[in-house]
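Just so it is clear, none of the values below were taken in a lab; they were calculated from the coordinates. Computed from a predicted model, the values in this text were never measured in an experiment. In this analysis, Cβ positions are derived from the backbone assuming ideal geometry, glycine residues included, and neighbour counts consider all displayed protein chains.
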Amino acid sequence: MPYWWEPYVRAFIGGAQQLIAATGAQPTSYIRSVGHNEAVGGAVNSQHLLGTALDLVPAPGHSWAELQHAARAIGFGAVIDEKDHIHVQLFAAGVIPQWVYDELVGPGAPVEI
Ligand SMILES: [Zn+2]
């Protein structure tokens, strides 16, 4: 991952850790390779490709609404109810220019974890 993108990933991870600490939510998907993203039907410009999106499910006994409320309070760029998970991402949809994807989703793309 290029050095110039790392601050965004660090900022996102900080928010994600805050959300998990506050709610006990369980992450289900973080960084994806292009192939994995295609396999799960992710958007072509998914922020999962860039390390700035995370899917979670609520902790047992906690509601989906509570998780979404906590995520919105942290200030993610988008919080989306995908029905079987909550998707959070650092930036609002459509604001990341294509050249960022071109730079990040290639031979030097993030390692999938
Ligand atoms: Zn997602």
D (Stokes-Einstein, µm²/s), Kirkwood Cα radius, the stretch 16-113, 1.306 mPa s at 10 °C = 115
Label Trp5 and Trp99 with points 7 Å out from Cα along Cα→Cβ: what is the distance between them in nm?
-> 1.5
Antiparallel DSSP beta bridges within the stretch 6-104, as percent of all bridges there, nearest 5 | 100
Under the helix-only model (-39500 (n - 2.57) for each DSSP H run of 4 or more, divided by the residues of the chain), the mean residue ellipticity at 222 nm, to 500 deg cm²/dmol, is -11000 deg cm²/dmol
Would you mind computing, in nm to one decimal, how far apart the modelled labels at Gln17 and Ala39 are, each placed 7 Å from Cα along Cα→Cβ?
-> 2.9
Roughly what angle does helix 6-23 make with the longest principal axis of the chain, taking Cα atoms, 0 to 90 degrees, to the nearest 10?
-> 20
Which listed residue (Ser46, His85, Trp99) has the Cα farthest towards the positive end of the charge dipole for the chain, taking +1 on Lys and Arg C-beta and -1 on Asp and Glu C-beta about the Cα centre?
-> His85
Going by alpha carbons, how many degrees (0 to 90, nearest 10) lie between the helix axis of 64-74 and the longest principal axis of the chain?
-> 60
